[in-house]
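These notes concern the structure reproduced below.
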Amino acid sequence: MSAPSSTASSDEATAQAEAVAGGEPAETTFSLSLTQDQKDIRDWVHGFAADVVRPAAHEWDEKEQTPWPIIQEAAKIGLYGFEGMAQFFADPSGLGLPIVNEELFWGDAGIGMSIMGTALAVAAIFGQGNGEQIGEWIPRCFGTVDDVKVAAFCASEPNAGSDVSGVRTWAKFDEASGEWILNGQKAWATNGGISDVHVVIASVDRELGSKGHAAFVVPMSEAKGISQGAKVSKHGLRASHTADVYLDDCRVPANYVLGGKDKLDERIARVREGKKSKSQAAMQTFESSRPTVGSQALGIARAAYEYSLEYAKEREQFGRKIIDNQAIAFTLARMKLEIDAARLLVWRASWMGRNQVPFENAEGSMSKLKAGEVAVWVTERAIQILGGNGYTREFPVERWHRDAKIYDIFEGTAEIQQMVISRAISGIPGLFGSSAS
């Protein structure tokens, strides 16, 4: 096999070689080393996860209730709040938020989701709102240290999960009152009904399918006609509140549509004329958040791997440590390999998203797909390594396994992620004839 061709001339290559030989390293911009600030944030969040989150994990999982005291503790130290989130988002490498999420979800995924679930609504407001809306609504998503709030992103519906074009919630503008009227039902909303700020995806023109969607801010404290439906009793992430949200002639002012009504009218007009529009409201939020969701799955997987490793080094069977068995040792090796490989995909996608590098091959979906599958597989192997102990609630690996499974499902199932990737690499937008994206 011949060596790959180079765009540099032979003279340039010779000069580079001479520079290296002479002790002058060639300039490079590639590095996987974390900065000191990133290391400090990682260690800070890990300390909170180890000292506050993990000791409380079993209790709140059993209660199936929102851990408000722990959210407040996170707010007191600046981990939960507008300034902290802005700092994590501002990391020019894009790694700030994934690092925080991995460490927090290493502590516990249910509590982690209670703390970080607000971020999805924040991402929608930041990505689609105008400057005035960002300044008004994002701080309200968090509340204050003394009066902590959470926020909800409401996209899915009973008959519209992966297929976002199936959204039936609709919004109509009332010219007489200058208000939007929203009607419909949202399902599986994290923090749904217990939030002050709800970001709701609704259709303003059903004939346009998903291109006719818009995102609306619906504050529980102001809007009439919004209410919580049934709270979902879940397999995992049980400390995180999930519920249906009902909108019954719910009225909000004209400027509560993200981006503003004028821009929405312009976008809808372009679509009606057959012109290309920007990303769909729901999918724009999901695509930007997928690497972060992947980092959450990584935290769960890493917790299970580390626990299994220590267990295998201490547990004795047939007169020797079980890690001395090749089957156990090789499984642990594969667990570590898969976690590290998934993290590289998450970091790549996070860097691309932060630096506005297009996901030409659906790199965001790749990161979420891989990390979710790794979390499910690693936690299952952890149960196997612990044997009967792994199947009991006296050991945390069964909870991690329950928590991991959702990462194969929400924010785009594994099947949808593969569809998105296959469309991207083939260049065929309508591949498989499905409208889901």
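Summary of values
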read-out	value
Of all residues making up the range 400-437, the number that are in a helix (DSSP H, G or I), farther than 30 Å from H58 by Cα and either of a type outside the set (V, I, T) or at pLDDT 95 or above (or both)	11
Helices (runs of 4 or more DSSP H) lying entirely in the range 97-180 (those with 2 or more residues that are over 17 Å from F48 (Cβ atoms) and in contact with a helix residue (DSSP H, G or I) (Cβ under 6 Å, 6 or more places away or on another chain))	118-128, 131-142
Subset of the range 208-238 (residues that are part of a strand (DSSP E or B) and either among the hydroxyl-bearing types (S, T, Y) or surrounded by 20 or more Cβ atoms within 10 Å (Cβ to Cβ) (or both))	H213, A214, A215, F216, V217, V218, I226, S227
Pairs with Cβ under 8 Å, 6+ apart, first in the range 74-85 and at positive phi, second part of a helix (DSSP H, G or I)	G78/G84; G81/A75; G81/F142
Residues (farther than 14 Å from G236 by Cα, surrounded by fewer than 17 Cβ atoms within 10 Å (Cβ to Cβ) and touching a residue at least 12 places away in the same chain (Cβ under 8 Å)) located in the range 390-413	T413
Unmet requirement for F330, which otherwise passes all of (1) aromatic (F, W, Y); (2) within 28 Å of Q87 (Cβ to Cβ); (3) out of contact with any helix residue (DSSP H, G or I) (no Cβ under 6 Å at 6 or more places or on another chain)	(2)
All positions within the range 379-414 that are closer than 22 Å to V167 by Cβ and in contact with a Ser or Thr (Cβ under 8 Å, 6 or more places away or on another chain)	E411, G412, T413
Looking only at the range 239-265, and only at residues there that are assigned to a loop (DSSP other than H, G, I, E, B) and surrounded by 23 or more Cβ atoms within 10 Å (Cβ to Cβ), the one that is farthest from the chain's Cα centre (by Cα)	L258
So I322, is it farther than 29 Å from F89 by Cα and in contact with a strand residue (DSSP E or B) (Cβ under 8 Å, 6 or more places away or on another chain)	yes
Matching residues in the range 171-196 - criterion: being at pLDDT 95 or above and aromatic (F, W, Y)	F173, W180
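The values are calculated or read from the model by the stated rules, or taken from the named source; none is laboratory data. This structure is a prediction, so every number in the text was calculated from the model and none was measured. All Cβ positions, glycine included, derive from the backbone under ideal geometry; neighbour counts span all protein chains shown.
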